[in-house]
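What follows is a single structure, written as structure tokens, with notes after it.
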Amino acid sequence: KNEVEQSPQNLTAQEGEFITINCSYSVGISALHWLQQHPGGGIVSLFMLSSGKKKHGRLIATINIQEKHSSLHITASHPRDSAVYICAPNFGNEKLTFGTGTRLTIIP
Amino acid sequence: DTAVSQTPKYLVTQMGNDKSIKCEQNLGHDTMYWYKQDSKKFLKIMFSYNNKELIINETVPNRFSPKSPDKAHLNLHINSLELGDSAVYFCASSQNRGGEKLFFGSGTQLSVL
């Protein structure tokens with residue numbers, strides 16, 4: 001069964017802290033997406049990765065295919081990073097399966 | 001100059017009505033999608049089209065009918081609206097069906113009264 005688990009569900013941190021959001025999945029995948037949903041509701045694709053690590057600004061995404069695990073890191077977090085972060089593995093059936101999301105709040 | 005635009009942003013209607021949501025992308029992408037986000041904020045695929053051809057049709061009631069007149073447009077028509085159809089509907093596109101990066105529209109919040 002294709003399952004996705006994200007942790008934590010909610011995360012509150014002080015501005016400047018290093019943030020880690022985790023995503024585990026049950027079976028092999030072809031790729032994994034990280035999405036950001038802003039408080040206003042809009043969704044932005046942050047990363048798509050199938051191996052290793054990708055970096056964009058203060059955001060870093062890593063994936064370990066053997067351990068079926070991916071992490072999203074935010075360095076020097078800022079209140080504007082407050083959003084819901086969603087991981088979405090592609091289990092090779094052309095459909096993304098979405099995690100339940102991690103609600104991140106960064107306090108100034 | 002929005003990449004993926006969907007209209008309307010808000011849709012409030014009575015049970016039993018028929019309504020449509022329109023989506024257009026100007027990115028030259030081959031693949032378009034409709035996703036539903038329920039009240040618990042859980043996202044789920046509804047449909048996917050590639051070059052006007054239906055490739056994914058999840059277990060969605062047949063009251064929902066997607067229409068793709070060309071590869072830049074994917075509209076969603078919903079017949080006989082029910083209370084449970086209330087949700088946010090997102091259109092998205094990707095370069096092709098190979099699991100590429102997704103570009104989302106801003107969402108349509110549908111409220112059925």
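For this structure, a couple of remarks:
- Net dipole in debye of the stretch B:43-85 [+1 Lys, Arg Cβ; -1 Asp, Glu Cβ; about Cα centre; nearest 20]: 100 debye
- Calculated FRET value between A:HIS78 and A:LEU49, using beta carbons and R₀ = 30 Å, to 0.05: 0.85
- 10 Å Cβ neighbours from other chains, averaged over peptide A:90-102: 4
- 3J(HN,Hα) from dihedral phi, the stretch B:72-89, Karplus parametrisation 6.51/-1.76/1.60, rounded to Hz, x for glycine, proline: 8, 10, 9, 9, 10, 10, 10, 8, 6, 4, 10, 3, x, 7, 4, 4, 9, 10
- Each of A:HIS56, A:HIS78, A:HIS33, A:HIS73 was scored by other Cβ atoms within 10 Å of its Cβ. Arranged with the fewest first, they read A:HIS56, A:HIS78, A:HIS73, A:HIS33.
- Distances between placed amide hydrogens fall under 5 Å for A:SER26 paired with A:GLU3, all partners being 5 or more residues away or on another chain.
Every number here is computed from the coordinates shown, using simple stated rules; none is lab data. This structure is a prediction, so every number in the text was calculated from the model and none was measured. All Cβ positions, even for glycine, are placed from backbone atoms using ideal geometry, and neighbour counts span all protein chains on display.
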